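Scroll down for the structure; my scribbles are underneath it.
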Amino acid sequence: MIFESTSHSKCQRKLPHPVLQEKVQPQHHKKYSKNIKITDYENADIVILKNKSEIKDMQSKIILIPRNIVVGVGCRRGTEYLKIKSSVMTILEKAGVSAENVNCVASINKKADEKGIIELAEELQADFITYTADELMEVEGEFEPSMTVYNHVGADNVCGRSACRASCNGECLVPKTVENGVTVSVYRYRVYGG
């Protein structure tokens, strides 16, 4: 699904259900806690993992992999899909994040019709959301600026600011990183509740 921001609110995305960041056994259902760590998978009926790489010998278990990652992407107009995909996958792998965790791909509205980014979002089965330059510049935080990018699109950092905004100022896992001429930033949704 492609979304273009029409609101100036700080966070208008519908967030996924608050996810647990650690493994939880069913008896811990009353209150979510990020501090619960359970390593006895054999006795658990349901296992919640941060990403697919944690799956080991877990046959006949219910395995939930949260889709709690936002990938911000910046690139030159017309950048090939395979180049964008390769760059994003390389950075996700370096961060220890699985592609199955990606819920959203974010960028500036001038990239709303960028075929390579659209194809990436479709392959990841993720939303593609874009923001205006003004909306990106409203995002608070420290972002590596580029005057060249600012002069072209009106925002000094597309990937970091868009990922931060789409994740509702979530946790930055990978700040702006350049891979094959594509800029990528990775954020985890802010976890509510607990």
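The values are calculated or read from the model by the stated rules, or taken from the named source; none is laboratory data. Quick caveat: nothing in here was measured; it's all calculated off a predicted structure. Neighbour counts run over all protein chains shown; Cβ positions are idealised from the backbone, glycine included. All accessible areas refer to the heavy atoms of the entire protein, side chains included, with ligands and DNA or RNA removed. Shrake-Rupley method; radii C 1.70, N 1.55, O 1.52, S 1.80 Å.
The residue of the stretch 97-124 that is farthest from P66 (Cα to Cα), among those that are open to solvent by 40 Å² or more (accessible area, probe 1.4 Å) and in contact with a helix residue (DSSP H, G or I) (Cβ under 9 Å, 6 or more places away or on another chain), is K110. Is it the case, given these coordinates, that E142 is of a type outside the set (S, T, N, Q) and more than 17 Å from the chain's Cα centre (by Cα)? So E142 passes the test. Within the stretch 73-94, the residues that satisfy the criterion of being open to solvent by 40 Å² or more (accessible area, probe 1.4 Å) and of a type in the set (A, V, I, L, M) are L82, M89. Residues in the stretch 162-181 that are crowded, with 24+ Cβ neighbours inside 10 Å and closer than 18 Å to R76 by Cβ: 1 in all.
Quick one: which residue in M137, M89 is among the hydrophobic types (A, V, I, L, M, F, W, C) and either modelled with pLDDT under 95 or over 20 Å from P66 (Cα atoms) (or both)? Going through M137, M89 in turn, just one is among the hydrophobic types (A, V, I, L, M, F, W, C) and either modelled with pLDDT under 95 or over 20 Å from P66 (Cα atoms) (or both): M137.
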